[in-house]
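K.L.:
Got a structure for you, written out below as structure tokens; questions coming shortly.
Derivation of every value follows stated rules applied to the coordinates shown; laboratory data play no part. In this text the structure is predicted, and so the values were computed from the model without any measurement. Virtual Cβ from ideal backbone geometry, glycine too; neighbours counted across all protein chains shown.
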Amino acid sequence: MSRFSGQAALVTGAARGIGLEIAAAFAAEGASVAVADLSLQDSAAAASGIAAKTGAKTLGLALDVSKEADCQKAVEETVKAFGKVDILVNNAGITKDNLVLRMKEADFDAVMNVNLKGAFLMSKAVSGLMLKARSGRIVNISSVVGQSGQAGQANYSASKAGLIGLTKSLAREFAPRGVLVNAVAPGFIRTRMTEGLKEEARAKISELIPLGRMGEPGDVAKAALFLAGGESAYITGQVLSVNGGLYM
Ligand code: NAP
């Protein structure tokens with residue numbers, strides 16, 4: 001029997017990048033997986049790709065995590081397909097970088113709405129089910145810049161620091177009912193989000209990383225699976241840094 005056999009996972013922002021890797025890793029370990037993303041076309045394609053590779057049951061869903069009705073519908077559809085939601089991974093995230101002097105209010109709000117409010121809305125949407133079941137795992141994908149701060153990313157780092165506060169508050173609120181909530185704080189990971197970096201910037205970043213390289217989506221997926229699995233049954237309200245030592 002695989003590690004997540006009989007369990008159902010819902011991963012947001014799962015059509016590409018880190019979310020896709022997490023969704024595929026759960027499926028490879030036996031879970032049924034709902035792949036939720038902005039575009040139904042993209043999430044359905046990712047879901048069928050994962051099913052073809054792993055043989056797992058998958059479901060592609062369209063949702064905008066900043067909209068409460070979308071979040072509730074995604075949870076309802078997952079329950080309709082798989083009967084329950086054991087694991088929620090709040091992975092959907094965006095950047096709209098700029099120096100504070102030039103940052104538009106709309107760009108601050110957009111990043112907070114997706115990265116922080118989206119995780120709140122999704123957690124709220126699964127909370128009734130998980131609290132009733134007296135079990136469940138929520139894994140929030142934060143960021144190293146939520147821990148360290150970053151020039152040019154005031155909105156993004158505030159949203160990711162807020163996500164750590166949300167993680168700890170949910171962990172305290174849900175612990176009495178056996179629902180565990182933790183965060184992963186990735187460093188620089190090779191995805192579309194970082195592919196815009198110039199080669200020179202990439203080389204500079206790698207020099208700052210004690211392990212000497214950027215991370216891969218699989219490095220983050222392994223941490224998310226650990227925090228959703230049986231090995232972490234006595235861990236809640238924690239932030240697991242997956243950053244090659246960039247921030248300690
Ligand atoms: P990515 O390749 O840009 O993927 C993000 C996914 O989220 C995309 O599929 C995107 O859909 C989806 N998304 C965006 N807004 C959404 C919304 N409102 N509702 C639902 N889905 C939405 O990014 P990534 O690098 O894999 O990042 C995944 C997570 O890791 C993010 O939370 C990010 O902040 C975090 N993270 C990344 C790094 C890194 O170095 N890459 C480091 C630390 C933390 P579309 O493609 O349709 O826009």
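K.L.:
Considering only Gly162, Gly55, Gly196, give the residue with the highest GNM mean-square fluctuation for the chain, with springs between Cα atoms whenever their separation is below 10 Å.
P.N.:
It is Gly196.
K.L.:
Which whole-number percent is the relative contact order of region 25-171 (Cα, under 8 Å, 6+ apart)?
P.N.:
The value is 21 percent.
K.L.:
How high is the relative contact order of the chain, in percent, with contacts defined as C-alpha pairs under 8 Å that are six or more residues apart?
P.N.:
Once normalised by length, the contact order is 18 percent.
K.L.:
Whole-Hz Karplus ³J(HN,Hα) for region 182-193, in order, using 6.51 cos²θ - 1.76 cosθ + 1.60 and θ = phi - 60°, x for Gly and Pro?
P.N.:
Result, rounded to whole Hz: 9, 10, 10, 10, x, x, 8, 10, 6, 8, 4, 4.
K.L.:
Can you list the residues, at least 5 places off or on another chain, whose amide H is less than 5 Å from the amide H of Val181, using H built in the peptide plane?
P.N.:
Ile138, Gly237
K.L.:
Oh, and also: In region 15-153, what % of DSSP beta bridges are antiparallel (nearest 5)?
P.N.:
Counting DSSP beta bridges with both partners in region 15-153, the antiparallel share is about 0 percent.
K.L.:
Taking a ≥ b ≥ c as the square roots of the Cα gyration tensor eigenvalues, with a/c under 1.5 meaning rounded and otherwise prolate when a/b beats b/c, else oblate, which class fits region 103-248?
P.N.:
Verdict is oblate for region 103-248.
K.L.:
Oh, and also: State which helices in the chain qualify, where a helix is a whole DSSP H run, it must extend 24 Å or more along its own axis by its Cα atoms, and its mean Kyte-Doolittle hydropathy must be at least -0.5.
P.N.:
Span-like helices in the chain: 154-174.
K.L.:
On to the next question. Of Lys96/Lys117; Lys67/Lys124; Lys67/Lys222, which sit over 24 Å apart, Cα to Cα?
P.N.:
Lys67/Lys222
K.L.:
In nm, to one decimal, how far is the Lys96 label point from the Gln238 one, both placed 7 Å along Cα→Cβ?
P.N.:
Going by the 7 Å Cα→Cβ label model, 3.6 nm.
K.L.:
Quick check: Cα centre of region 159-210 to Cα centre of region 66-106, how many Å?
P.N.:
Going from one Cα centre to the other spans 15 Å.
K.L.:
Moving on to the next point. Along region 229-246, what does the Karplus equation 6.51 cos²θ - 1.76 cosθ + 1.60 (θ = phi - 60°) give for ³J(HN,Hα), rounded to whole Hz, x for Gly and Pro?
P.N.:
With coefficients 6.51, -1.76 and 1.60, one gets x, x, 5, 10, 5, 10, 10, 8, x, 10, 10, 9, 7, 10, 9, x, x, 4 Hz.
K.L.:
Hand me the trypsin sites (Lys or Arg not before Pro) from region 143-248 located in a DSSP loop with no more than 16 other Cβ atoms within 10 Å, in residue order please.
P.N.:
For trypsin sites (Lys or Arg not before Pro) across region 143-248 that sit outside H, G, I, E and B with at most 16 neighbouring Cβ atoms in 10 Å, the list reads Lys198, Arg213.
K.L.:
Highest first, please rank the peptides 131-137, 13-19, 46-52, 56-62 by the mean number of other Cβ atoms sitting within 10 Å of their residues.
P.N.:
With the highest mean Cβ count within 10 Å placed first, the list reads 13-19, 56-62, 46-52, 131-137.
K.L.:
Mind giving me the FRET efficiency for Met1 and Ala133? R0 is 22 Å, r the Cβ-Cβ distance, nearest 0.05 is fine.
P.N.:
0.60
K.L.:
To continue, here is another question. Out of Ala45, Ala171, Ala27, any idea which swings most in a Gaussian network model of the chain, alpha carbons joined below 10 Å?
P.N.:
Maximum among the listed residues: Ala45.
K.L.:
Can I ask one more? Grab the DSSP H runs of the chain that are 4 residues or longer, score each as -39,500 (n - 2.57), total them, divide by all residues and round the 222 nm result to the nearest 500 deg cm²/dmol.
P.N.:
After summing the helix terms and dividing by the residues of the chain, the value is -14500 deg cm²/dmol.
K.L.:
If every alpha-carbon in the chain counts as one equal scatterer, what log10 I(q)/I(0) does Debye give at q = 0.10, 0.12, 0.14 1/Å?
P.N.:
-0.43, -0.63, -0.87
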